[in-house]
Amino acid sequence: MTQLDGIVKPKTKRSKRFLESRAPKLIEDVKNTMIMKGGNTSQTVTTALKDIYSLKKPNALLYKKKNITRPFEDSTSLEFFSKKSDCSLFLFGSHNKKRPNNFIFGRMFDFHVLDMFELGIEKFISLSQIKTSKFPEGTKPMLIFAGEIFDTDNNYKRLKSLLIDFFRGPTVPAVRLAGLEHVLHFTALEGKIYMRSYRCLLKKSGCRTPRIELEEIGPSFNFVMRRTHLASDDLYKLANRQPKALKPKKKKNISHDVFGTSFGRVHMQKQDLSKLRTRKMKGLRKRKGEVVDEDQEPKVAKVES
């Protein structure tokens, strides 16, 4: 490939296919995640990164070598790896005396850091410590967020958006009931964030709708929020902008309520109610009698006095 005036031109068919796969699309591909560890890590961080990688398979890339970088001070190396591996989400794990057992969740926009959240691990239970059967690889999880702060605080709002981006998986048109096997539950309470992973069990209930039970399978985290890096409102709005071709066309005279019910308005011409056919009743029928002329006076019955 050759680069002229900032425009990369392919020389071979292979490089042309590569550039077409990286070009912007109306419907983007599934967001990939790169998972890497810093220069200093602990056994807790290493095991936790592997467990998150097992939840994200197959849309994740795990770097086994250490990367000596500090994302909050210099994010150029993260942006380089993001462009190289075509990953728009990242998870960085590190450990030091000042910030032990540290996770950094982040996402990219146009291969530049958009948002970053630093979460400290206070308690961790791995997948291997809970001896239960797990869900199949690539299962799309159901995400549950509990806590008013996720809807009121700006930092927690962005964190909720990032976690949905991170764990939601591919977009599918339909989901079968038996495929709803994995549940990720996030609770924000008293300055801490609790992440729990459950397996959804469908039991017999005696009717058509099954009885649902949740079985904890791990991993389990107790996080505390440390540092944050948020994009400006203008950049965040630009990152969320949707192409015009994907926006649904507005249909006239159709509205929807909060429950998704559709209501239509029909426009009709003014009706002539005199020609309206109603139900015939015996009391409204005309009686047969003599026809009275206009000039002739009606006969009056004689009354004897």
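The values are calculated or read from the model by the stated rules, or taken from the named source; none is laboratory data. Keep in mind that what you see is a predicted model, and the values were worked out from it rather than measured. Neighbour counts are summed over all protein chains in view; Cβ atoms, including those assigned to glycine, are modelled from backbone coordinates with ideal geometry. These area figures cover heavy atoms from the full protein model, side chains too; ligands, DNA and RNA do not enter into them. Shrake-Rupley method; radii C 1.70, N 1.55, O 1.52, S 1.80 Å.
Any residue in region 142-162 that is of a type in the set (S, T, N, Q) and touching an Asp or Glu at 6+ places or on another chain (Cβ under 7 Å)? Looking through region 142-162, none of the residues is of a type in the set (S, T, N, Q) and touching an Asp or Glu at 6+ places or on another chain (Cβ under 7 Å).
Against the list (1) out of contact with any His (no Cβ under 9 Å at 6 or more places or on another chain); (2) under 28 Å from residue 100 (Cβ atoms), the condition residue 194 fails is (1).
Counting only strands (runs of 3 or more DSSP E) wholly contained in region 50-122, the ones carrying 1 or more residues that are open to solvent by 50 Å² or more (accessible area, probe 1.4 Å) and touching a strand residue (DSSP E or B) at 6+ places or on another chain (Cβ under 7 Å) occupy 60-66. Only strands (runs of 3 or more DSSP E) whose full extent lies in region 180-220 are considered here, and the ones with at least 1 residues that are among the charged types (D, E, K, R) and touching a residue at least 24 places away in the same chain (Cβ under 8 Å) are 192-203, 211-216.
One line per residue, one yes/no per condition, for (1) touching a Leu at 6+ places or on another chain (Cβ under 9 Å); (2) of a type outside the set (Ser, Thr, Tyr); (3) at negative phi; (4) open to solvent by 50 Å² or more (accessible area, probe 1.4 Å):
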{"site": "130", "(1), (2), (3), (4)": "no, yes, yes, no"}
{"site": "141", "(1), (2), (3), (4)": "yes, yes, yes, no"}
{"site": "171", "(1), (2), (3), (4)": "no, no, yes, yes"}
{"site": "187", "(1), (2), (3), (4)": "no, no, yes, no"}
{"site": "191", "(1), (2), (3), (4)": "no, yes, no, no"}
{"site": "208", "(1), (2), (3), (4)": "no, yes, yes, yes"}
{"site": "217", "(1), (2), (3), (4)": "yes, yes, yes, no"}
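Within region 143-167, take every residue that is among the acidic types (Asp, Glu) and in a helix (DSSP H, G or I) and give me the one that is surrounded by the fewest Cβ atoms within 10 Å (Cβ to Cβ). The selected residue is 151. For residue 36, the conditions (1) assigned to a strand (DSSP E or B); (2) open to solvent by 40 Å² or more (accessible area, probe 1.4 Å) all hold with the exception of (2).
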